[in-house]
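None of the figures in this text is laboratory data; all of them are computed from the coordinates on show. Keep in mind the model is a prediction, meaning the values are calculated, not measured. Here the Cβ is made from the backbone with ideal geometry for all residues, glycine too, and neighbour counts use every protein chain on show.
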């Protein structure tokens, strides 16, 4: 997630340098072709009208993309709240307070948040789990295709165990179970965003319309008869391509990019909060801001 107002220029260059090169080639081609053949000049009103229409389409796509990104961020905000709630419930509902099983469940919850973030990004969900759960449990859940779901199932099994042993009463068991249900729902909503593809044709057609707009504008500006028409067209096209690429990145908030929802940093915060509630000494180090402008 971007966390600074001052973003390096190289980041924006990576965004649209390919499109800028293509526009440059198109502009050069149109500039010299128009002067070799008898081609009618297009009124400037036509590309101006088309540019307005493209701006409306870009605005709509940006709005929809940001809605997906913001929904993902709200989901992870709920995960933070429920992870804290679960830990407090375990420590204060259990008759023995902090004990082996409550600490095991709390640490498993910290591991679950890391595992879910890695899974959503297409990385190994087992990466840091050996720091939070036993080797026996790790071997058991490694057989599952959905590791975060397997961890929640272990939480439910431990909850059943402490209820059977009389360590929590029926009301307390129901409250803890509701927290686990909310965590499972948050996981499902995040997976829905990850697995639902934003309409590909929308981006392809929008991209095509931007190139068509630039081509028509190049023809309309042919009467200028100056070479500065070429860099002017590149500069005019850049805002369109930058906004289009921004929308593309925002629509997929779990792709391991700087524009992602910062699930690793959020999981780090959950781990820190849980370990402090458990009065543990092995607190995680402060999560650094990468490249001075984003966190993952």
Next item on the list: Would you please put 80-91, 107-118, 58-69, 272-283 in order of how densely packed they are, using the mean number of other Cβ atoms within 10 angstrom per residue and starting with the highest?
Entry: 107-118, 80-91, 58-69, 272-283
Next item on the list: Starting from 0 in steps of 10 Å, tell me what percent of the Cα-Cα pairs of the stretch 143-198 lands in each bin.
Entry: 22, 42, 25, 9, 2
Next item on the list: Please give the helix 229-250 orientation as an angle from the longest Cα principal axis of the chain, in degrees from 0 to 90, rounded to the nearest 10.
Entry: 20 degrees
Check: With N residues in the stretch 59-192, what two-decimal value do you get for its Cα radius of gyration over 2.2 N^0.38 Å?
Finding: 1.13
Notebook entry, point to check: With N residues in the stretch 113-210, what two-decimal value do you get for its Cα radius of gyration over 2.2 N^0.38 Å?
Noted result: 1.49
Checklist line | Rounded to 10°, Cα long-axis angle of helix 100-120 versus longest principal axis of the chain | finding: 10 degrees
Notebook entry, point to check: Given a Förster distance of 25 angstrom, what is the FRET efficiency for residue 192 paired with residue 57, based on the Cβ-Cβ distance and rounded to 0.05?
Noted result: 0.50
Next item on the list: Tell me, rounded to the nearest percent, the portion of alpha carbon pairs in the stretch 91-132 spaced more than 17 Å apart.
Entry: 40 percent
Check: Where does helix 45-93 land angle-wise versus the long Cα axis of the chain, in degrees 0 to 90, nearest 10?
Finding: 10 degrees
Item checked: Solution diffusion estimate, µm²/s, Stokes-Einstein, the stretch 204-271, Kirkwood Rh from C-alpha pairs, 10 °C, viscosity 1.306 mPa s -> 108 µm²/s
Next item on the list: Between residue 96 and residue 286, take the C-beta separation as r, use R0 = 45 Å, and let me know the FRET efficiency to the nearest 0.05.
Entry: 0.85
Check: So what are the three principal axis dimensions of the chain from its Cα atoms, in whole Å, longest to shortest?
Finding: 91, 32, 32
Item checked: Among 148-154, 187-193, 137-143, the order from most to least packed when residues are scored by Cβ within 10 Å on average -> 148-154, 187-193, 137-143
Check: Using helices alone, what [θ] at 222 nm do you get for the chain, with -39,500 (n - 2.57) per DSSP H run of 4 or more residues, divided over all residues and rounded to the nearest 500?
Finding: -24500 deg cm²/dmol
